[in-house]
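To keep things clear, I will list the structure first and then write my remarks on it.
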Amino acid sequence: MDSTTSPSPISTPKPHSKKGFVSSLMEAATLRSPSFKEDTYFISHLKSSERKALQDLKDKLSASTSTADHRPSMWGIPLLAGDDRADVILLKFLRARDFKVPDSLHMLQKCLQWRSEFGADGIVDEDLGFKELEGLVAYMQGYDREGHPVCYNAYGVFKDKEMYERIFGDDEKLKKFLKWRVQVLERGIHLLHFKPGGVNSLIQVTDLKDMPKRELRVASNQILSLFQDNYPEMVARKIFINVPWYFSMLYSMFSPFLTQRTKSKFVIAKEGNVAETLYKFIRPEDVPVQYGGLSRPSDLQNGPPKPASEFAVKGGEKVNIQIEGIEGGATISWDIVVGGWELEYSAEFVPIADGSYTIAVEKPRKISANEEAIHNSFTTREAGKMVLSVDNTASRRKKVAAYRYIVRKSTTI
C-alpha cells in the first residue's frame with residue numbers, strides 16, 4: 001500500500017531576523033568545540049604510539065594487580081584477558097587522558113576502586129525506590145540512527161519544592177538519588193557491544209526546560225564529576241534541548257568539570273528547535289512524543305517501532321499525504337506530527353465511487369506548538385483514500401514532520 005506526499009508550495013521570502021542571545025551563544029559554543037569524532041576501537045586504526053600506550057597500560061595494570069584472584073574487570077569483562085572487549089574499555093581510559101599511560105592507569109584504578117565501594121557491578125537489579133522518577137527524570141528509550149542507545153534526562157519536575165525536598169532534602173537522599181542515576185546509566189551501558197566497529201557509547205539528551213538551576217547545582221556537579229571520572233568515552237553525543245536564555249550561566253557552571261573532548265560532543269537546541277535537532281540524530285519513531293516524535297511509553301511493549309516516513313513542510317506550503325488503495329470495511333490507523341506545529345491539520349476520507357461524499361474524519365483545526373503527535377483511526381464503508389493535510393501557509397518557517405500508518409482489512413466475509 002503506497003502513500004504519497006503532494007506539496008503545493010508557495011514561494012515566500014525568508015524573513016530577516018537578528019541573531020538572538022541563545023543563537024549567538026550556540027555559534028560561540030560551536031566555534032569553541034570542534035565536532036566530536038567517535039573512536040572505532042580497531043587496533044589497526046591506532047597510531048603506533050597509541051598501540052604502544054595500550055600495551056604499556058596492560059603491562060602496568062597487570063604489574064599492579066596482586067593476585068590472580070583479584071583480576072580487574074568491568075561490566076563482566078576481564079581487563080587482562082587479552083580480548084577485543086577489554087581493549088575497547090582500556091582505550092576509553094587512554095583516550096580520556098590523551099594516551100598518557102600514568103594518568104590513564106591512575107584514572108582506571110580509581111574507577112575500579114569506586115565501582116567496588118559503590119557496588120556498581122550489582123546495581124542494575126537493585127530496587128532503589130524511585131518508581132515515580134522512572135520514565136520522567138532519567139530513562140533509556142530507543143536508539144539513534146547509528147544504533148547508540150539514547151538516555152533522556154529532564155529535571156524540570158524538581159521545580160516543585162515538595163518533590164525537590166523529597167528527593168534532595170538531605171545528604172542521604174542525594175546519595176540515594178545519585179545511586180539511582182548511576183543505575184540508569186549502567187542499564188544503558190549493558191546495551192553496548194564492547195567490540196571494535198560496534199556500538200560502544202550512548203547518546204545523552206538533556207531537557208533544560210524548567211530546570212531549577214540554583215537548587216540542582218550540587219546534584220548536577222556531582223553527577224557530572226562522577227560520570228566523567230568513571231565512565232570515560234561512554235557518551236558519543238550530548239544533546240541539550242529547550243535551552244533557556246540563562247544557558248551561559250549553566251555552561252560556565254559546568255564547564256570547569258568538563259574536558260575539551262567532552263565539550264566537543266555538545267549539540268545545543270533552543271526551545272522551538274527540539275524536533276528539528278533530534279531528527280538529525282534519532283528517527284521520529286524513536287523520539288518521545290513530548291519532544292516532537294512518535295514514540296509513546298505504551299509502544300515499547302509491542303516490540304520494535306513501526307518505521308515512520310519523514311517529510312518537510314516549507315513555509316507558506318500546504319502538504320497533503322494521500323494514502324490510497326484502502327478497501328471497503330478496512331481500518332486505517334495513523335500517527336502524524338510536525339515539529340513545533342503552529343499550523344492547521346485535517347484528515348478526510350475520499351471514496352473512489354462516483355456520487356459518494358468526502359468524509360471529514362478530522363475537521364481543520366489549529367495545532368498548538370506543544371501538542372503531541374496525533375494518533376487516530378477510521379473504519380471505511382467503501383473503497384477510497386485517506387488524505388492527511390498540514391497547512392503551513394500562515395508561517396514562513398520550514399518544519400520537520402513525520403507520519404506512519406497501517407491498514408487492516410476487514411475480517412468479515
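The values are calculated or read from the model by the stated rules, or taken from the named source; none is laboratory data. The structure displayed is predicted, hence computed values, not measured ones. We place every Cβ from the backbone using ideal geometry, glycine too, and count neighbours over all the protein chains shown. Areas reflect the complete protein model, heavy atoms only, side chains present, ligands, DNA and RNA absent. Shrake-Rupley method; radii C 1.70, N 1.55, O 1.52, S 1.80 Å.
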Item to check | For region 40-118, alpha-carbon Rg relative to the globular expectation (2.2 N^0.38 Å, N residues) | outcome: 1.03
Item to check | Across K159/K399; K110/K265; K37/K159; K100/K175; K100/K265, pairs whose alpha-carbon gap is larger than 28 Å | outcome: K159/K399; K37/K159; K100/K175
Checklist entry - If the chain between Q113 and K52 were fully stretched, how many nm would it gain, using 0.36 nm times the residue separation less the Cα-Cα distance? => result 19.4 nm
Next on the checklist: If I model a spin label at A369 and D121 as a point 7 Å from the Cα along the Cα→Cβ vector, what separation in nanometres do I get?
Outcome noted: 5.0
Checklist entry - By how many nm would the segment from H190 to Q322 lengthen if fully extended, with 0.36 nm per residue of separation less the alpha-carbon distance? => result 43.3 nm
Checklist entry - Looking only at H193, H106, H45, which one moves most when the chain is put into a Gaussian network model with springs between Cα atoms under 10 Å? => result H45
Checklist entry - Local charge sum around R85 (other residues, Cβ-Cβ under 12 Å, Lys/Arg +1, Asp/Glu -1)? => result -1
Item to check | For peptides 295-307, 394-406, sequence by mean Cβ density within 10 Å, most packed first | outcome: 394-406, 295-307
Item to check | Packing rank of 178-185, 375-382, 284-291, where each peptide gets the mean count of other beta carbons within 10 Å, highest leading | outcome: 284-291, 178-185, 375-382
Checklist entry - Long-range amide H contacts for V361: which residues qualify at under 5 Å (H placed 1.01 Å from N, peptide plane, sequence gap of 5 or more or a different chain)? => result A347, E348, F349
Next on the checklist: If packing is taken as the average number of other Cβ atoms within 10 Å across a peptide's residues, how do 46-52, 327-333 rank, most packed first?
Outcome noted: 327-333, 46-52
Checklist outcome for this item: Computed from the beta carbon distance with a Förster radius of 41 Å, FRET efficiency for W245 and K179 to the nearest 0.05 stands at 0.80
Item to check | Mean accessible surface per residue for the chain, computed with a 1.4 Å probe while every protein chain stays in place, in Å² | outcome: 51
Item to check | Structure-derived percent of Cα pairs over 33 Å apart - corresponding label in [x] 41; [y] 54; [z] 45 | outcome: [z]
Checklist outcome for this item: Taking Lys and Arg as +1 and Asp and Glu as -1, residues besides P364 with C-beta under 14 Å from its C-beta add up to 0
Checklist entry - Can you give the net charge of the other residues whose Cβ lies under 12 Å from the Cβ of W180, counting K and R as +1 and D and E as -1? => result +2
Item to check | Integer Hz, Karplus 6.51/-1.76/1.60 couplings in order for region 358-374, x for Gly and Pro | outcome: 5, 9, 7, 6, 9, 5, x, 8, 7, 9, 6, 4, 9, 6, 7, 3, 8
Checklist outcome for this item: Per the 1/(1 + (r/R0)^6) rule, R0 = 35 Å and r from the Cβ atoms of E344 and K213, FRET efficiency to 0.05 is 0.40
Item to check | Karplus-derived 3J(HN,Hα), 6.51/-1.76/1.60, for each residue of region 271-278, Hz, glycine and proline x | outcome: 4, x, 10, 5, 4, 4, 6, 5
Checklist entry - Placing +1 at every Lys and Arg Cβ and -1 at every Asp and Glu Cβ, with all other atoms neutral, what dipole size does region 309-408 have around its Cα centre, in debye to the nearest 20? => result 320
